[in-house]
Amino acid sequence: MKFNSNYTITNKILNNLTLISSSREFIEQAYLIPKWEISLKRQALLHNTHASTAIEGNRLSLQHVKDLAEGKKVISTNKDKQEVLNYLEALEKMPDLVKKGQIRVADLLNIHKIITKATLKQEACCGNFRKQQVFVGKRIFDGTGFKEEVVYMPPDTADVPELVKIFIDWLNLEETWEINPVLLAGIAHYEIARIHPFIDGNGRTARLLAALLIYLSGFDHRRFFALDDYYDRDRNSYYSALKTVDKETCNLTKWLEYFSEGVLFSVNEVKESIIKLGAKKKTNRDKQIILTKKQVKIIEYINSAGKVTNKDLQNLFDVSAQAVHKELTKLLELNIIKSEGQGRAVHYILID
């Protein structure tokens with residue numbers, strides 16, 4: 001059996017894809033200093049984490065998510081905090097999770113393991129396919145009391161491994177990556193939600209896989225887009241869109257209309273942020289600044305704390321003062337940071 005995606009490119013989808021392409025081109029052509037670029041990336045990381053966990057009932061606010069990301073103490077249940085920390089970890093590891101065209105079933109299981117570790121009632125369910133039938137339900141009041149109503153019944157448990165394998169095999173085909181990345185991400189999002197391969201965490205896994213495919217395609221290579229924000233703004237519309245797919249024909253057209261609309265919203269949000277920053281259009285003289293992972297982390301640290309010292313970075317990276325000095329010197333030469341103070345009081349801040 002082979003996986004086949006069934007959908008029609010409607011005028012609405014085509015219009016959304018055209019507008020997405022235009023806004024993305026604006027973003028790609030904008031000259032962003034490293035401070036702005038890291039700020040946009042950080043904003044997407046936090047918003048995606050908050051939205052994707054909130055959709056599943058996590059009670060932490062966006063501010064709580066920011067505080068946890070900065071290592072601050074947050075008063076809440078261990079489960080809520082762990083869910084947020086897990087999702088942050090998965091998003092931060094995104095560049096190293098899988099390789100384009102080389103995705104394995106084990107990679108999907110690993111993503112689920114990262115997302116759900118220390119949050120499930122049975123730890124054995126973490127990173128493993130479900131061993132029992134599950135269903136998506138909602139509580140309704142029937143006049144005398146509340147009861148659970150089945151909204152969606154996923155495929156039989158015994159069929160899950162093969163269904164996932166068939167889909168992953170399709171994801172690795174060269175022709176699959178010829179599909180518009182927005183549509184490809186939408187297809188993957190729905191298919192994981194449809195199979196419902198895990199006892200819990202299916203929604204978060206589906207949304208992270210969609211973001212991962214958009215990253216691997218190069219569409220969101222800088223990880224600026226907070227796609228999950230759109231779903232969290234109107235969860236009823238999100239769930240309704242997922243239910244538009246007929247169980248027999250698996251026609252994704254209505255879902256992809258909704259999904260592409262969400263991507264357009266997310267891309268336009270980034271475009272508006274860049275406009276507010278006052279970024280100018282790139283010229284031939286504007287060279288792309290390539291930073292190492294350590295240098296990016298230094299800028300992220302300063303962006304969060306306001307300043308950094310050599311000692312701070314020695315503790316952060318567990319390296320010598322000389323090794324930190326080398327990274328700081330590079331950032332100074334690139335005019336990304338500047339030093340303030342003298343002697344032991346010297347520290348570094350970002351240049352606006």
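Checking each residue in segment 79-99 for being more than 12 Å from the chain's Cα centre (by Cα) and either part of a loop (DSSP other than H, G, I, E, B) or not assigned by TED's automatic domain parsing to the domain that holds Arg59 (or both) picks out Val98, Lys99.
The helices (runs of 4 or more DSSP H) located wholly in segment 253-352 that include 3 or more residues which are in contact with a Phe, Trp or Tyr (Cβ under 7 Å, 6 or more places away or on another chain) and surrounded by fewer than 19 Cβ atoms within 10 Å (Cβ to Cβ) occupy 253-277.
Could you check segment 172-186 and list, in sequence order, the residues that are in a helix (DSSP H, G or I) and either surrounded by 24 or more Cβ atoms within 10 Å (Cβ to Cβ) or not hydrophobic (A, V, I, L, M, F, W, C) (or both)?
Glu175, Thr176, Glu178, Pro181, Val182, Ala185, Gly186
Within segment 187-218, if we keep just the residues that are assigned to a loop (DSSP other than H, G, I, E, B) and in contact (Cβ under 8 Å) with a residue 60 or more places away in the chain, the residue that is surrounded by the most Cβ atoms within 10 Å (Cβ to Cβ) turns out to be Pro197.
Annotation note: Cβ proximity below 7 Å between a residue of segment 54-78 that is surrounded by 11 or more Cβ atoms within 10 Å (Cβ to Cβ) and a residue that is among the basic types (Lys, Arg) (sequence gap 6+ or interchain) occurs for Ile55/Arg235; Glu56/Arg204; Leu68/Lys81; Val74/Lys81; Ser76/Arg59. The number of residues in segment 19-41 being closer than 16 Å to Ile289 by Cβ, among the β-branched types (Val, Ile, Thr) and either buried (at least 20 other Cβ atoms within 10 Å of the Cβ) or within 20 Å of the chain's Cα centre (by Cα) (or both) comes to 1.
Take the conditions (1) surrounded by fewer than 20 Cβ atoms within 10 Å (Cβ to Cβ); (2) at pLDDT below 95; Leu227 misses just one of them, which is (1). Would it be correct to say that Ser39 is at pLDDT 95 or above and of a type in the set (S, T, N, Q)? Answer is no for this residue.
The values are calculated or read from the model by the stated rules, or taken from the named source; none is laboratory data. Given the structure is predicted, the values throughout are model-derived calculations rather than measurements. As a convention, Cβ positions derive from the backbone with ideal geometry for all residues, glycine included, and neighbour counts pool all protein chains shown.
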